[in-house]
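The values are calculated or read from the model by the stated rules, or taken from the named source; none is laboratory data. What you see is a predicted model; the values in this text were computed from it and never measured. Because the Cβ atoms are built from the backbone with ideal geometry, glycine has one as well, and the counts that use them run over all protein chains shown.
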Amino acid sequence: MRHAGQAALDALEPLILRLRALPGLTEKTRGVFYRKSRAFLHFHEDPAGLFADVRTVAAGDFERIDVTAEAGRERLVAMVVAELAS
């Protein structure tokens, strides 16, 4: 699975805009977010769809979320908000 290219990030732009608006995240490069000094969230693409890797306390590392459809995007935003609140 490779990191998301520009076309994939274009498709995710509405989601990326929502993430940019959240306090506590810094976008180092397009679609790559850090929390404090640690990598926190980035996107991948493969034939199965679009995915986000988000660092969660529960997983202790990155957890992969399918963000191909809107339901997955909503789940990702909810997870990010919860992680930022912790």
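Of all the criteria given as (1) touching a strand residue (DSSP E or B) at 6+ places or on another chain (Cβ under 9 Å); (2) free of Cβ contacts under 8 Å to residues at least 24 places away in the same chain, the one not satisfied by A78 is (1).
Of the candidates V32, V57, the single residue that is surrounded by fewer than 19 Cβ atoms within 10 Å (Cβ to Cβ), within 16 Å of E13 (Cβ to Cβ) and either at pLDDT 95 or above or among the hydrophobic types (A, V, I, L, M, F, W, C) (or both) is V32. Each residue in segment 27-56 was checked for being within 12 Å of the chain's Cα centre (by Cα) and hydroxyl-bearing (S, T, Y), and 2 pass.
Going by what's in this entry, would G24 be described as under 21 Å from A69 (Cα atoms), of a type in the set (G, A, S) and either at pLDDT below 95 or crowded, with 16+ Cβ neighbours inside 10 Å (or both)? Please lay out each step first, then the result.
On the way: under 21 Å from A69 (Cα atoms): no; of a type in the set (G, A, S): yes; either at pLDDT below 95 or crowded, with 16+ Cβ neighbours inside 10 Å (or both): yes.
Against the criterion (under 21 Å from A69 (Cα atoms), of a type in the set (G, A, S) and either at pLDDT below 95 or crowded, with 16+ Cβ neighbours inside 10 Å (or both)), G24 does not qualify.
Of all the criteria given as (1) loosely packed, with under 11 Cβ neighbours inside 10 Å; (2) over 14 Å from V80 (Cβ atoms), the one not satisfied by A11 is (1).
If the condition is being out of contact with any helix residue (DSSP H, G or I) (no Cβ under 8 Å at 6 or more places or on another chain) and either under 18 Å from M1 (Cα atoms) or β-branched (V, I, T) (or both), then segment 15-38 contributes T26, T29, V32.
Could you list all residues from segment 61-86 that are in a strand (DSSP E or B) and either among the acidic types (D, E) or farther than 17 Å from H3 by Cα (or both)? Passing the criteria: E63, D66.
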